[in-house]
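A.B. asks: Please see the structure below; I have some questions.
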Amino acid sequence: MQRFLEQVPFFWQESLWQRMTGLHEQRQLPHALLLSGPSGLGKALFANALARYLLCLNPIDSRACSTCSSCRLGWPHPDLNKLSPDEGSRVIKIDQIRSVIDFLQQTSHAGGAKIALITVAHGMNSSAANALLKTLEEPTEGSYLILVSESPLQLPATIRSRCRLLVMSPPEPEAIVDWLRSHISGDGHEDLRRLALVSDACPLRALEMAENGELERRDAVLSKLRQARDGGLGPQALLAQLSGITETAVVEYLLASLTIVIKYLLANRSPQGDGPEVAGLIDSFATKADQKARVQSLLQLHNESLKASRRLRSGSNPNPRLIVEALLWRWCQLPRQP
């Protein structure tokens, strides 16, 4: 998605961008920012573009000018330190934070700002977070610290309280359809609308899903889950049918399926525009018989699947296959239509 860096701010980021650049022009921009919001909104792209703006010595119309001596130093800029977990890890360690602290204490190459940009900030372990506290409390002059996180509540309260929280929100689905239409050729309006819905109204996620054939893959998984609901597949056979998908992805598809069914059962209305596989899945649960108990069992499995997803993503579980088998067994045991 780096190809979109020059397009930032996107239309759903514009108000936040204007607020941040306005504060900077008034010399009131906080030195520590915590940017949060769902995946697929371009938070890291926004943070990079904001860093480029802050490093510019002569911004024009709230954008980096690209011609001043600082902008001509290139990208990545020598006065920008970008930090994320090492490859193959989900953790930011204390040595990485110490390198950021040392960097911020050095003299600026361009004579302007110094910026540290930490993505996946919630990955900081306790030692790393504690090491960052002093820099947050006593920032060096002209320095900015930008933290990006999809899960800000996983950060210690001591970190959150010392940052200005910026929440990036998804736009309206119809606005996403228009944006997708300008980036994707050959897709009908209904497919674009489905992408907007399935992506939880996160445009960049929707675009990635379109490019990766995610709608087709999702429909195939929903079809298999529906077959299991109808008694056509047992847990082991269902797992075999999903063998080409990672355990983490299977759990995410299951979570999505449970969310869809729970939402429509509680709303007591038929799906519209979500595709035949979604409609078929919902029909397999749609009955007025003991609906309260049915929703409760779905919510319980959703909660267990959510916990499983967190364990799988943490990398701490010794046997992901057993977790997935247990969840699929529970799915197959959910009450069927009388």
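Every number in this text was worked out from the coordinates using simple rules, so none of it is lab data. Being a predicted model, the structure only gives us computed values, none of them experimental. When we count neighbours, we look across all protein chains shown, and the Cβ atoms used for this are built from the backbone with ideal geometry, even at glycine.
A.B. asks: Is the shape of the range 171-212 best called rounded, prolate or oblate, per the rule: a/c under 1.5 gives rounded, else a/b larger than b/c gives prolate, else oblate, with a ≥ b ≥ c the square roots of the Cα gyration tensor eigenvalues?
C.D. replies: rounded
A.B. asks: Right, another one. Roughly how many debye, to the nearest 20, is the charge dipole of the chain about its Cα centre, given +1 on each Lys and Arg Cβ, -1 on each Asp and Glu Cβ, and no other charges?
C.D. replies: Value, rounded to 20: 840 debye.
A.B. asks: Explain nothing, just the number: dipole magnitude of the range 171-212 about its Cα centre with +1 on each Lys and Arg Cβ and -1 on each Asp and Glu Cβ, in debye rounded to the nearest 20.
C.D. replies: Values: 4 positive and 9 negative charges, 6 e Å.
About 20 debye.
A.B. asks: Is the C-alpha gyration tensor of the range 206-269 telling us rounded, prolate or oblate? Criteria: a/c under 1.5 is rounded; beyond that, a/b larger than b/c is prolate, otherwise oblate.
C.D. replies: Judged from the Cα gyration tensor, the range 206-269 comes out oblate (a/c at least 1.5, b/c at or above a/b).
A.B. asks: Out of Leu328, Val120, Thr140, whose Cα points farthest toward the positive end of the dipole of the chain (charges: +1 Lys, Arg; -1 Asp, Glu; placed on Cβ)?
C.D. replies: Leu328
A.B. asks: Past the 21 Å Cα-Cα mark, which pairs from Lys82/Lys307; Lys43/Lys307; Lys263/Lys292? Let's see the in-between values first.
C.D. replies: Working: Lys82/Lys307 31 Å; Lys43/Lys307 25 Å; Lys263/Lys292 13 Å.
Over 21 Å Cα-Cα: Lys82/Lys307; Lys43/Lys307.
A.B. asks: Tell me the net charge near Arg313. Cut-off is 14 Å between Cβ atoms, Arg313 excluded, with +1 for each Lys or Arg and -1 for each Asp or Glu. Before the final figure, lay out each step's value.
C.D. replies: Details: positive: Arg90, Lys307, Arg310, Arg311; negative: Glu150, Glu247, Glu252.
Charge balance near Arg313 sits at +1.
A.B. asks: Summing -39500 (n - 2.57) over the DSSP H runs of n ≥ 4 in the chain and dividing by its residue number, what mean residue ellipticity at 222 nm do you reach, to the nearest 500 deg cm²/dmol?
C.D. replies: The helix contribution divided over the chain gives -16000 deg cm²/dmol.
A.B. asks: Next up: Tell me, in nm to one decimal, what length is gained between Arg321 and His183 on full extension, where the rule is 0.36 nm per residue of separation less the Cα-Cα distance? Write down the numbers at each step before the final one.
C.D. replies: Details: separation 138, 0.36 × 138 = 49.68 nm, distance 3.76 nm.
Full-extension gain reported as 45.9 nm.
A.B. asks: Continuing with the same structure: Among the helices of the chain (complete DSSP H runs), which have Cα atoms covering no less than 15 Å along the helix axis and a Kyte-Doolittle mean of at least 1.6?
C.D. replies: Result, helices passing both filters: zero.
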